[in-house]
Amino acid sequence: MSADIKEYLENGAVILDVRTQEEWNEGHSKGAKHIVLNLVPLKIDEIKSWKKPIIAVCRSGVRSGQATQFLQQHGLDVINGGPWQNVNRELEK
């Protein structure tokens, strides 16, 4: 999976963190966008306006998986990055 993350980052992907505000405050990837999972459907137009591939992340990969599925159904190029630390490791390389 990290190969996908690397490839997406190289293609200018936006990191979409779908965790709660409390979780986000504890730490997040530099440059990530924060939209809590239950707000993703309401922000679909904003997300589409980024016109970039997306890496969805959360704490374990479950919520980002749900976000990934939803965004794919709306025609977006998105992968589930799993825990946000996965993406952070790639960013720090």
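Below are the figures for this structure:
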read-out: Output for region 39-74, where each listed residue is under 18 Å from residue 11 (Cβ atoms) and free of Cβ contacts under 8 Å to residues at least 12 places away in the same chain; value: 49, 51, 72
read-out: Number of positions in region 19-35 that are assigned to a loop (DSSP other than H, G, I, E, B) and among the hydrophobic types (A, V, I, L, M, F, W, C); value: 2
read-out: Residue tally, condition outside any helix (DSSP H, G or I) and out of contact with any Phe, Trp or Tyr (no Cβ under 7 Å at 6 or more places or on another chain), over region 1-18; value: 7
read-out: Selection count, region 45-93, where residues are assigned to a helix (DSSP H, G or I), buried (at least 20 other Cβ atoms within 10 Å of the Cβ), modelled with pLDDT of 95 or more and not aromatic (Phe, Trp, Tyr); value: 6
read-out: Counted residues, region 1-24 - those being among the acidic types (Asp, Glu), surrounded by 13 or more Cβ atoms within 10 Å (Cβ to Cβ) and either more than 16 Å from residue 58 (Cβ to Cβ) or touching a helix residue (DSSP H, G or I) at 6+ places or on another chain (Cβ under 7 Å) (or both); value: 3
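The values are calculated or read from the model by the stated rules, or taken from the named source; none is laboratory data. A quick note: this is a predicted structure, and the numbers were derived from the prediction, not measured. Cβ sites come from the backbone with ideal geometry, for glycine too, and all protein chains shown count toward neighbours.
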